[in-house]
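S.K.: Before we start, here is the structure in question, set down as structure tokens.
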Amino acid sequence: MKLGFIILAHQDLHRTGQLVRFLARNNCPVCLHIDQNALPEEVKELESSLNHIENVVFTKREKCGWGQFSIVQATLNAAEVLLKNHPDVTNVFLASGSCLPARPIKQLMAFLERHKGTDFIESFPVGDEKWVKGGLDQERFTLYFPLSWRKHRFAFDRLVDVQRLLKIKRTVPKHIAPHMGSQWWCLTKETLLKIVADPRRQQNDRFFSKTWISDESYFQSLAREHSNHIKSQSLTFATFDSQGKPFLFYDDHLTEFPKTEAFFIRKAWPGAHKLYRDLLTVNRKNFPLSKSNEKGFNKIFTDANEIRKTGGEGRFLQGRFPHNSVKRSGVSNVDFGVFIGLGFLFQGFPEWAHTKKGLNVFGNLFNRRHLRFRKKAVLVAGNLSANIKLRNTHPKGFLSNFLWNQKSDKRTAFLFDMTDAQKIMPSIVKDGRAHFVIVKEAWLLSIANNPSKFKGKLMRAQVLQARENKFLNALENDKYANYTIFSLKEALNAPGLVLQASIQILEPEARAKPTALPRLSDTAKLDTLVRKLEKNNVSLAYKPSKKKRKTPKGTERAVGKPYVVKS
């Protein structure tokens, strides 16, 4: 027997050249099609490296588009050239420029010798769930698809809607039984020649040229008409993710190939140097098919696809946020801190922590009106901007991206208060990676130092208290939550304890060393406010001193005294 190859290539042509030279060394004639979209300098380099090889020929170049008939046309052109130049081939194998042999070529030839006259091509009838998982099936053949789905997606979808509305239906030629399957096949010379030289070739091409993704139906349908014996199986392993994109193979997949029953794999990452070196070795040992474990091999990609669709801790699909569907709806794959009330208790706390301690602490990321990561920072790692509209569109996704890009040897923390936008609250409460330090009722300090009238202060206190109670209840009812709560009285009497707890979250193994605290907020008006609120039926845990506090002289110096915290 003699095995010929058709190779369709469009990028990473230096890798395609390696594959072609390997096949030529195994005495396999190759017809190579290079997409017109390929880079001219790569094409020139590839042609010059292959022109001297006797059993390698090139075919007319087509400008191929995904899902369009141009791919079929390129394959037909290559088949005609290969059969004309090498009429002695017995089987023709279609592969891409990014394919690699999972098993030795000699083993493939021996396999085909044992199955003489068999065409290996996935060919499932329309509607078969083994192939079509969703989307268009029957309509691929009965509607018109003159546009590229990738380039004109909106127009493509509207055209489908209009045809459905007008009940347009193409007639399928009587001799064609629509079938679908993988693009990659291995046909006998007899079957391929009958397809290429079919007297109704013009009619076949015209019909399939308006069919959607015709490279998965043209040969699959016509082989049913012309073949004497079809085995609905592709000898190339190719699998796709939930978005229809092929999985890539890397160096660490090398040890898994003995499990597959396939002879080629698609598609290999061009940077997988070990993969290319080992799989393109001429005298490789055979992997006995009797020892293959196709289920085990498939499980690698089934599991990966499931994780990608449903998400999981620390795994995010950009733009889709699949972790919405999991029970533990977290936002990060590393521990992070959430400081509630510290912004009211200490003036400039994030800047103090960042400059004095070198900790990775940020401001109120969910401030309703003024978003700043730090004092003047409006852009952080990952090119994430301090854009309120962007944040509010998907708060959970915003925080996920923010934390994902804060990769450093220090834990990240940010301020969050009852005055912030609360939509993110359920997500951070449910995240087992979040560690909370909470100063209960610290929002009283912001109200006390606000110059507005008491009526406005009363309404604001009622709103903030209700939000805080809701937040604390959510924490207490979540068995995974990690939190430390200080009363406002405790925080004012021993602010160092609050700072110590905060620092231990960020530096769990911090050594004891004295550190000056940041400036405390003014508390002179706090007790007066609390008394007025209690007279208006606002019940608070914080209780003022029995005697009214007199505002001491030199308040600024008093509240700024050098407290010391060990860290």
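The values are calculated or read from the model by the stated rules, or taken from the named source; none is laboratory data. This is a predicted model, so every value here is computed, not measured. Methodologically, a virtual Cβ is constructed for each residue, glycine included, from the backbone with ideal geometry; neighbour enumeration extends over all protein chains shown.
S.K.: With (1) part of a helix (DSSP H, G or I); (2) closer than 30 Å to T142 by Cα; (3) among the small types (G, A, S) as the list, and S290 as the residue in question, which single condition is left unmet?
M.R.: Every condition holds for S290 apart from (2).
S.K.: Given (1) modelled with pLDDT of 90 or more; (2) assigned by TED's automatic domain parsing to the domain that holds Y218; (3) surrounded by fewer than 16 Cβ atoms within 10 Å (Cβ to Cβ), identify the lone condition not met by P146.
M.R.: For P146, the failing item is (1).
S.K.: On the basis of being within 33 Å of the chain's Cα centre (by Cα), of a type in the set (K, R) and in a helix (DSSP H, G or I), does R158 make the cut?
M.R.: Answer is yes for this residue.
S.K.: Quick one: is P518 under 26 Å from S545 (Cα atoms), buried (at least 16 other Cβ atoms within 10 Å of the Cβ) and in the same structural domain as V334 (by TED's automatic domain parsing)?
M.R.: Yes.
Conditions (1) in contact (Cβ under 8 Å) with a residue 40 or more places away in the chain; (2) buried (at least 22 other Cβ atoms within 10 Å of the Cβ); (3) over 26 Å from the mean Cα position of the chain (by Cα); (4) under 22 Å from K479 (Cα atoms), marked per residue:
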{"residue": "K407", "(1), (2), (3), (4)": "no, no, no, no"}
{"residue": "F416", "(1), (2), (3), (4)": "yes, yes, yes, yes"}
{"residue": "S427", "(1), (2), (3), (4)": "yes, no, no, yes"}
{"residue": "A442", "(1), (2), (3), (4)": "yes, yes, yes, no"}
{"residue": "L445", "(1), (2), (3), (4)": "yes, yes, yes, no"}
{"residue": "A448", "(1), (2), (3), (4)": "yes, no, yes, no"}
{"residue": "G456", "(1), (2), (3), (4)": "no, no, yes, no"}
{"residue": "M459", "(1), (2), (3), (4)": "no, no, yes, no"}
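S.K.: Take region 32-53 and flag every residue that is more than 33 Å from the chain's Cα centre (by Cα) and farther than 12 Å from V20 by Cα.
M.R.: K44, E45, S48, H52
S.K.: With respect to I438, determine if the residue is within 21 Å of R374 (Cα to Cα) and either outside the structural domain of V361 (by TED's automatic domain parsing) or without any contact (Cβ under 8 Å) to a residue 60 or more places away in the chain (or both). Show your work before the answer.
M.R.: On the way: within 21 Å of R374 (Cα to Cα): yes; either outside the structural domain of V361 (by TED's automatic domain parsing) or without any contact (Cβ under 8 Å) to a residue 60 or more places away in the chain (or both): no.
So I438 does not fit the description; no.
S.K.: What are the residues in region 371-390 that are modelled with pLDDT of 85 or more and under 25 Å from Q347 (Cβ atoms), if any?
M.R.: I388, the sole residue that qualifies.
S.K.: Now, a different point. Restricting to region 246-260, and then to whatever is without any contact (Cβ under 8 Å) to a residue 40 or more places away in the chain and assigned to a loop (DSSP other than H, G, I, E, B), can you tell me which residue is farthest from S234 (Cα to Cα)?
M.R.: So the residue we want is Y250.
S.K.: For residues that are within 13 Å of L19 (Cβ to Cβ) and assigned to a loop (DSSP other than H, G, I, E, B), scanning just region 261-271, find the one that is farthest from the chain's Cα centre (by Cα).
M.R.: It comes out as P270.
S.K.: Related question: State yes or no: is R308 closer than 25 Å to K396 by Cα, basic (K, R) and either modelled with pLDDT under 55 or in a loop (DSSP other than H, G, I, E, B) (or both)?
M.R.: no
S.K.: Assuming L488 fulfils every condition listed in (1) modelled with pLDDT of 90 or more; (2) farther than 21 Å from D420 by Cβ; (3) surrounded by 12 or more Cβ atoms within 10 Å (Cβ to Cβ) apart from one, which condition is it?
M.R.: Just one mismatch for L488, condition (2).
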